[in-house]
Amino acid sequence: MSFPNNEKLTNQTAYRSLWVSVFVNIVLAAVQMIAGVMAHSQALVSDGIHSLSDLLSDIVALFATRFSFQAADDKHPYGHRRYENAASLALGLLLAAGGVTMISAALNKFYTPESTPIHYAALWVALLALLTKECLFRYMLWQARKAQSGVLIANAWHARSDAASSLVALIGIIGAMAGFPLFDPLAALLVGAMVGSVGIKFAYQALQDLMDAAADEETIINIQKTVANVTGVIGFHDLRTRKTGDDVFVDIHIEVSADLSVVAGHNIAVDVRNSLLNMGNIADVMVHIDPVENHLQAT
């Protein structure tokens, strides 16, 4: 498979960050579950299981990254970038489900608080897990923004949700040791709501992109300004945009003087297309030329 230079760099960045996440989650989940059993901390064991759920997220993201950069073909003339939208939808649903699970677990703890003495080792492992997950989140978010990848941003926030669960476990362990068992479920309710809301946001945005939703307002304004600045363009209308992955497809009708030759009008359309493609996040542009009589031209 071959990629343009910028897509190849994006693909390499995505793979590197995802494999780092896979390694961290495997090691961390093993340490959390073993330490949780030995230190008699059910919260730490549960947090270790939650860390394993990030592996599923990483696998989904790796799948999307692997296939979304494939070149267009006869069956997919617009490319394969919607693998990324589908993966973002799946990750958003995973986040939402994780938030619901955390809320449910928190409510259950109100009725069945932890009574088994917890060893101090659980506290240190929970703190280590929290710091590790927060560092992983910041690293993945940095890589995702560099790659301008929506699915990697969603995956980074999934790592943040795991950091939030580690925070819940840490608070629960501290609270249990200090004699305040309700600290854990109260914190879990707050974090569960936060994680769930982030998941719903990502899932909703991914679903909108899969349904050919328009680009964001800032992108549309930049497109309008870019077209208006092209020499020979009198006006434009019927501007339509849709997202595929993190890229935007543009359809637009431009108005040019009816006195121009076909070649001259075509050259203006080419200038419009090239100007938009140079914006960076525009995948393709379809330009329709509308001739305008002299007496109708803008003054």
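Nothing in this text is a laboratory measurement; each read-out follows from the coordinates by a stated rule. Bear in mind the structure is a predicted one, so any value in this text is a computation, not a measurement. Cβ placement follows ideal geometry from the backbone for every residue including glycine, while neighbour counts extend to all protein chains displayed.
How do the peptides 123-133, 278-288, 156-166 rank, highest first, by the average count of neighbouring beta carbon atoms within 10 Å per residue?
Averaged packing, sorted descending, gives the order 156-166, 123-133, 278-288.
Give, as a single signed number, the net charge of other residues whose beta carbon lies under 14 Å from the beta carbon of Leu91, with Lys and Arg counted +1 and Asp and Glu -1.
Working: positive: Arg160, Lys201; negative: Asp54, Asp58, Glu84, Asp162, Asp209.
Counting the neighbours of Leu91, the net charge comes to -3.
Based on the mean of other Cβ atoms within 10 Å per residue, sort peptides 225-233, 194-202 so the most packed one is first.
Highest mean packing first, the order is 194-202, 225-233.
Quick check on segment 217-296: take the gyration tensor over C-alpha atoms, sort the square-rooted eigenvalues as a ≥ b ≥ c, and tell me if it's rounded (a/c under 1.5), prolate or oblate.
Note, shape of segment 217-296 comes out prolate.
Longer than 23 Å from Cα to Cα, which of Lys146/Lys201; Lys133/Lys201; Lys133/Lys243 are they? Say none if no pair is.
Those over the limit are Lys133/Lys243.
So if each residue of separation counts as 0.36 nm, and I subtract the Cα-Cα distance between Met279 and Ala228, what length gain in nm does that give? Could the numbers behind the result be given before it?
Numbers: separation 51, 0.36 × 51 = 18.36 nm, distance 1.41 nm.
Fully extending the segment from Met279 to Ala228 adds 17.0 nm.
From the residues Ser261, Leu276, Ala228, which one has its Cα farthest along the dipole of segment 217-296 in the positive direction, the dipole being from +1 and -1 charges on Cβ of Lys/Arg and Asp/Glu about the Cα centre?
Positive-end residue among those listed: Leu276.
Whole-Hz ³J(HN,Hα) for each residue in segment 223-232, computed from phi via Karplus 6.51 cos²θ - 1.76 cosθ + 1.60 with θ = phi - 60°, x for glycine and proline: what do you get?
Once rounded to whole Hz, the list reads 5, 4, 5, 5, 5, 5, 8, 7, 4, x.
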